1. Given charges of +1 on the Cβ of Lys and Arg and -1 on the Cβ of Asp and Glu, with all other atoms neutral, how large is the dipole of segment 4-173 about its Cα centre, in debye to the nearest 20?
2. Length gain on complete extension for the stretch ASP164 to TYR152, per 0.36 nm per residue less the alpha carbon to alpha carbon distance?
3. Kindly work out what percent of the DSSP beta bridges joining two residues of the chain are antiparallel, to the nearest 5.
4. List the extent of the Cα atoms of segment 1-70 along each of their three principal axes, largest first, rounded to whole Å.
5. For q = 0.19 Å⁻¹, what log10 I(q)/I(0) does segment 85-124 give under the Debye formula with an equal point scatterer on each alpha carbon and no solvent?
6. Name the longest site-free stretch of the chain, where the excluded sites are trypsin sites (Lys or Arg not before Pro) in a DSSP loop with no more than 16 other beta-carbon atoms within 10 Å.
7. For segment 5-70, state which chymotrypsin sites (Phe, Trp or Tyr not before Pro) are in a DSSP loop and have at most 16 other beta carbons lying within 10 Å of their beta carbon.
8. Using the scaling law 2.2 N^0.38 Å as the reference, what is the normalised Cα Rg of segment 4-173?
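Each reported figure results from applying straightforward, stated rules to the coordinates on display, with no laboratory input. Only a predicted model underlies this, so the values are computations on that prediction, with no experimental measurement involved. Note that we place each Cβ from the backbone using ideal geometry, even for glycine, and neighbour counts take in every protein chain shown.
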Amino acid sequence: MTPRFRRAAEADVLAIVALVESAYRGDASRVGWTTEADLLDGQRTDAEAVTDIVRAPHSAILLAEADGELMACCQLERRPPAVAYFGMFSVQPGGQGQGVGRRVLAEAERIARDEWTATTMIMTVLAQRTELIAWYERRGYRRTGERRPFPYGDERYGIPRRPDLVFEVLAKLLEP
């Protein structure tokens, strides 16, 4: 199925939160391969955080829909001088492995490159998610060697199930 893309509006916030939570947390997330349920408990995001992204002038949440159903989403944020941040990437757990994620990533890269004139896309991934990092590497992302600490003690980002969580920064040059 070929998704239709659009940018999220405030009316989409609750559906986005539900999608993100289902892709990353709890037993529902175990249907797909992107689950973080073995690493983190608690929430992945909330309505306030998603609303802030939707309202921010240099950010967008890209939605992928098919047959009127929200299939996937991602966050894009413009960062100076010519960088785009990619995050909150979520695909319905039952729809993972069918190419939807690949299409969302490609559309996000197109927007960053063609509409925002970004030359580089960056993201942070939990270093413990080796299979996910490998998926991004197959799509041209490279490990930068930069690591960022996990925000332990801030339950807005989840409740860690282990003491060694750290984010790894990945980057890709966006070719014209």
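1. Approximately 700 debye in magnitude.
2. Value of the extension gain: 3.3 nm.
3. Bridges in the chain that DSSP calls antiparallel: roughly 90 percent.
4. That works out to 34, 31, 17 Å along the principal axes.
5. Relative scattering, expressed as log10 I(q)/I(0), comes to -0.58.
6. By the stated rule (loop sites, at most 16 other Cβ atoms within 10 Å), 1-138.
7. TRP33
8. Working it through for segment 4-173, the quotient is 0.97.
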